[in-house]
Amino acid sequence: MALKQVSSNKCFEGFQKVFEHDSAELKCKMKFGIYLPPKAETGKCPVLYWLSGLTCTEQNFITKAAFQQAAAEHGLIVVAPDTSPRGCNIEGEDESWDFGTGAGFYVDATEDPWKTNYRMYSYIKDELPKLINANFPTDPERMSIFGHSMGGHGALILALKNPGKYKSVSAFAPICNPIQCQWGKKALGGYLGPDASKWEAYDATQLVKSYSGPRLDILIDQGKDDQFLSAGQLLPDNFIAACTERKVPVIFRLQQGYDHSYFFIASFINDHIKHHAKYLNA
C-alpha cells in the first residue's frame, strides 16, 4: 500500500506529517495526519488515534488542538484520519453538512448508494492501523483512541465493540446516544436504513449495556456552554447512567463556560494525552 507524503513540518523535535493513500475499504484516495515524536527516530512507539467531528478533515486536529508537545513528551505517535470518503461522486453526498461528505459517522453503511464507499468503521478498525503499523515505527500491541463530537462517538463505539483492542478511550463532547438525537437519526437512518434496531450496534449507550471486555477507563470532557449539549444532540447523561449500571468506570467532567470548539479541545488535550499515556506506556 503506497503512501504519498503531502506535507512534513518539524514540531517539538518530532514531525507533523500528512500522507495520502488509496483506500481499499473506501475505494477512494484518503489523507491522514500523523505526528511522529522524537522517540520514533530511535524506537517503537504506541499509537493514539484521533477521530474528528462533523465537517472536519485531517487538518482540523493537527492545526488547532495543540497536542504535539504532550505527544512528544510522552512518546506517542498520533494519527488523525479524515471523517469520510472523498470525491466518490455519490448523488447527494455534498447536500448537507451532517450527512455524506465530512460526516461518515464511523459506521459501515448497508444502504445504497452509500454502502460501497461509506465504510469508515472498517477503515478505522482494520485498514488504517495495518497501514500505520506497516509504514511507521509502531508497537502494534499498544493503541488507544479518542475523538470529538461525531468522532467521540466513533472512539467510544470502536473501543466498546472491540474489547481489548484499545488500551484506553476518551472523548470531547461525544454524541453518546445517536439513536436518540437528530444527528444520529439522520445519519444512521441514511447509512443503515429505517430499521432502528440496526442502529444500536453503533450507539455507545446501547453498547456499554452489554460490554463485558477488559476494564476500560473512559474519560469524557464536556463543555457546559456547548450549544449542542443544550440542543439534545450529545446526551451524555444517558451514557453515564448506562456506565454506572454496568459498573464501567467513566470520569465525566463538565467544564464551566466551554463550548463545542477546538478552543475547548486545546484547553484539555494535555489531560487526555496523559490519560492515554498512562495505559499505553504501562
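The numbers here are math on the coordinates, done by the rules we state, and not lab data. Computed from a predicted structure; not experimentally measured. Here Cβ is always computed from backbone atoms with ideal geometry, including for glycine, and neighbour counts include all displayed protein chains.
Listed by chain and number, the aspartates and glutamates whose alpha-carbon sits under 20 Å from that of Lys17, ignoring those within fewer than 8 places in the same chain, are Glu41, Glu58, Glu73, Asp82, Glu127, Asp139. For a paramagnetic label modelled on Asp112 (point 7 Å from Cα along Cα→Cβ), amide N atoms under 18 Å away belong, within segment 76-104, to 89-93.
With 22 Å as the limit, write out which pairs from Lys167/Lys209; Lys29/Lys167; Lys161/Lys198; Lys44/Lys130; Lys64/Lys115 have Cα-Cα distances beyond it, or answer none. Violating the 22 Å Cα-Cα cut-off are Lys29/Lys167; Lys64/Lys115. The overall shape of segment 147-282, judged from the alpha-carbon gyration tensor, is oblate: a/c is not under 1.5, and a/b is no greater than b/c.
Given the DSSP H assignment, sum -39500 (n - 2.57) over each helix run of at least 4 residues in the chain and divide by its residue total; what's the result at 222 nm in deg cm²/dmol, nearest 500? Show your work: numbers first, answer last.
On the way: 9 runs with 83 residues, N = 282.
About -8500 deg cm²/dmol.
Which of Leu54, Leu219, Leu131 moves the most in a Gaussian network model of the chain with Cα springs under 10 Å? Judging by the Gaussian network model, the answer is Leu131. Of the options (1) 22.2, 68; (2) 20.3, 72; (3) 17.4, 51, only one is Rg and Dmax of the Cα atoms in Å as computed from these coordinates, and that is (3).
Using the Cβ-Cβ distance between Ala201 and Ala241 with R0 = 22 Å, the FRET efficiency computed as 1/(1 + (r/R0)^6) comes to roughly 0.65.
Determine the shape class of segment 118-221: with a ≥ b ≥ c the square roots of the Cα gyration tensor eigenvalues, call it rounded for a/c under 1.5, and otherwise prolate if a/b is greater than b/c, oblate otherwise. Here segment 118-221 falls in the prolate category. Working from label points 7 Å from Cα in the Cα-to-Cβ sense, the Glu95 to Asn133 distance is 4.0 nm. Applying the criteria of a DSSP loop state and at most 15 other Cβ atoms within 10 Å to the GluC sites (Glu not before Pro) of segment 53-116 yields Glu91, Glu95, Glu111. The trypsin sites (Lys or Arg not before Pro) of segment 69-126 meeting both criteria, a DSSP state outside H, G, I, E and B (loop) and at most 15 other C-beta atoms within 10 angstrom of the site's C-beta, are Lys115.
Within segment 178-282, the trypsin sites (Lys or Arg not before Pro) that combine a DSSP coil assignment with at most 11 other C-beta atoms in a 10 angstrom radius are Arg215, Lys247.
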